[in-house]
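All remarks here apply to the structure that follows.
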Amino acid sequence: MTMSRTSGPAPHPDPLPASGERGFTPRQYLICLWGVVWREGLRFLHQRERFVSALVRPLVWLFIFAAGFRQVLGVSIIPPYETYVLYEVYIAPGLMAMIQLFNGMQSSLSMVYDRETGNMRTLLVSPFPRWFLLGAKLLAGVAVSILQVYAFLLIAYFWEIEPPTKWGYLTVLPALALGGLMLGALGMLLSSLIKQLENFAGVMNFVIFPMFFASSALYPLWRVKESSPLLYYVCSINPFTHAVELIRFAFYQQVDWVSLPVALGYTSVFLVAAIIAYDPARGMLMRKGG
Amino acid sequence: MIDALSISHLSHSYGQRKALDDVSFAVAPGSFTVLLGLNGAGKSTLFSLVTRLYAARNGEIDIFGANVMREPGAALRRLGVVFQARTLDLELSLMQNLVYHAALHGIGPLEARRRGMEALKRAGLAERANDKTRTLSGGQMRRVEIARALLHEPKLLLLDEPTVGLDIRARADLLSHVRGLVRDEALGVLWTTHLIDEIENDDQVVILHHGKVLATGRAADIVAENNAENIGAAFAQITGADSLSPQAGRGLW
């Protein structure tokens, strides 16, 4: 079979740039990153219910659960605290990490949804490398989760949840960034493994609540160890525990030197696995003839 | 002269099912090429491979000489795509959608706005730049998608059944708009469809059926070679009249 050429417009010069221009400059990479973060921010602002529920959830734990359990659960003095602290103060880092956990899972839920409806295609046909695009999407999710945490801290301030000095609001930022990255990468990895949107919600129940309860978010680990060494072991290898402890110490302007390398390790593993596993073909076009 | 799109011995399977079988054809720069096939022929699979959504493991896909698997950045920056499914963000305004797309191609917001306004003017939607995308009609959204796909000035535009869901008037407008781009801007276009009436005699046609290319060439030449009345009849003959499904019949005649 031969192709016959029509007489069309005059041939134009070869549109391919010289080989030296085939890559993107660092400035262009930054523009792409900015674009992805900006769009994620715009979408989040438009979804007011999501913002409100992201705030209401931890606030309910803070105002109701913590207040109720204040008398039941005594917290002895453990680092980074130097005095007895109220239970609300103790669970605040866990609630900050909870915001990031939900955000990480919700971002990946929306990635699964976007993958099924086709919106991810806009991102994935970009000529930038796929690992960069997925990384940018992840960073955008982390940025949104950090904004949510600060909104929570603003309200919590009126509930006497505050760092020892105002610098705590700044020193907690790197911990939030790392925690958000770790949980977001975990969410992305999960979204790669899920074939269909309908299955995703079920997986959430097997991920979010076990992660939250089997951690140091609600009770110090030494207490858990007293009642169940096995549960203590599970809590100490739970990545969420390390996110909580990182945040707890950072809010008090200290570094948890155990949780930091663990969180870094988990983040690296989840990130690499998520990028390798991400397959836009899964769930998309598979049910449709073409 | 280098082909805008060159597909060579491309095959792809979903598990046991072979969706594309040794597909080869080319799209010349500045030409309007129609990929004609029924639903299930493999058109959307082909699209997904050309746009690197799926990895092409068997065969070669080159866009202006850059291989999609080996040099994806160079290949994809030469390509504009309009998918069959709507991919505009309905909650954002037209201009916001355009700026986002431009950023994904390394174009900063100022330049993106300038190009975006020009593109919207060409599409007759400049005054709606700040309107939310969900307020547009189907035909208008399609025109915005085309404007968006061309923001980074690619020389090859792929459109996957772009007129699906549009009324007769909107379909005709869209087709004429894209043919105008081929004529005025030397754009190479690959237009996939199952609708025969979108094809003109001078168009290059690639007939895809059950994942195989059964014919390529100028529409008028294919009709003549098969002693058919029109391209629809030629298609039926080439693919085998008894392979026409009732659904196809509605699309073809």
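Taken together, the values in this text are just the output of simple stated rules run on the coordinates, not laboratory data. Values in this document were obtained by computation on a predicted structure and should not be read as measured data. With ideal geometry, Cβ positions are generated from the backbone for all residues, glycine too; neighbour counts draw on all protein chains shown.
Summary of computed values
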quantity: Size of charge dipole - the protein assembly as shown - debye, nearest 20, with Cβ of Lys, Arg +1 and Asp, Glu -1, no other charges; calculated: 600
quantity: For segment B:63-130 versus segment A:154-177, the gap between their alpha-carbon centres in whole angstrom; calculated: 40
quantity: Residue of B:75, B:102, B:236 that the Gaussian network model of chain B assigns the largest fluctuation, springs spanning Cα pairs under 10 Å; calculated: B:236
quantity: Cα extents of segment A:48-277 along the three principal axes, largest first (Å); calculated: 55, 37, 31
quantity: Ellipsoid semi-axes in whole angstrom, largest first, where each is sqrt(5λ) of the Cα gyration tensor of segment B:87-152; calculated: 17, 12, 10
quantity: For segment A:127-141, 3J(HN,Hα) per residue [Karplus equation, 6.51 cos²θ - 1.76 cosθ + 1.60, θ = phi - 60°, Hz, x = Gly/Pro]; calculated: x, 5, x, 4, 4, 5, 5, 5, x, 5, 4, 5, 4, 4, x
quantity: Top of B:13, B:44, B:31 by mean-square fluctuation, Gaussian network on chain B, Cα under 10 Å; calculated: B:13
quantity: Amide H partners (placed H, <5 Å) of residue B:19, local residues excluded; calculated: B:12, B:13, B:14
quantity: Per-residue ³J(HN,Hα) for segment A:162-171, Karplus 6.51 cos²θ - 1.76 cosθ + 1.60, θ = phi - 60°, Hz, x for Gly and Pro; calculated: 8, x, x, 10, 4, 4, x, 5, 8, 5
quantity: Proportion of all alpha-carbon pairs of the protein assembly as shown beyond 33 Å (%); calculated: 48
quantity: Using alpha carbons only: equivalent-ellipsoid semi-axes of segment B:72-216, gyration tensor based, whole Å; calculated: 26, 18, 14
quantity: Residue A:81 paired with residue A:223, simple spin-label distance in nm, labels 7 Å along Cα-to-beta-carbon; calculated: 0.9
quantity: In nm, spacing of pseudo-spin labels at residue B:167 and residue B:127 (7 Å Cα→C-beta vector); calculated: 2.0
quantity: Residue-averaged [θ]222 nm for chain B, counting only DSSP H segments that reach four residues, each worth -39500 (n - 2.57); calculated: -10500 deg cm²/dmol
quantity: Gyration tensor verdict on segment B:156-213 (Cα atoms; rounded if a/c is under 1.5, prolate if a/b is larger than b/c, oblate otherwise); calculated: oblate
quantity: Among the listed pairs B:18/B:121; A:137/B:43; B:121/B:212, those beyond 32 Å (Cα-Cα); calculated: B:18/B:121; B:121/B:212
quantity: Order of A:87, A:113, B:14 under a 10 Å beta carbon neighbour criterion, fewest first; calculated: B:14, A:113, A:87
quantity: Inter-centroid distance (Cα atoms) of segment B:153-208 relative to segment A:46-125, Å; calculated: 49
quantity: Loop-located trypsin sites (Lys or Arg not before Pro) in segment B:22-104 whose Cβ has at most 15 other Cβ within 10 Å (DSSP); calculated: B:57, B:70
quantity: Computed label-point distance, nm, for sites residue B:16 and residue A:30 using a 7 Å Cα→Cβ extension; calculated: 5.5
quantity: Prolate/oblate/rounded label for segment A:170-259 (Cα gyration tensor, a/c 1.5); calculated: oblate
quantity: Student exercise, segment A:48-277 dipole from Lys, Arg, Asp, Glu Cβ charges, in Debye to nearest 20; calculated: 440
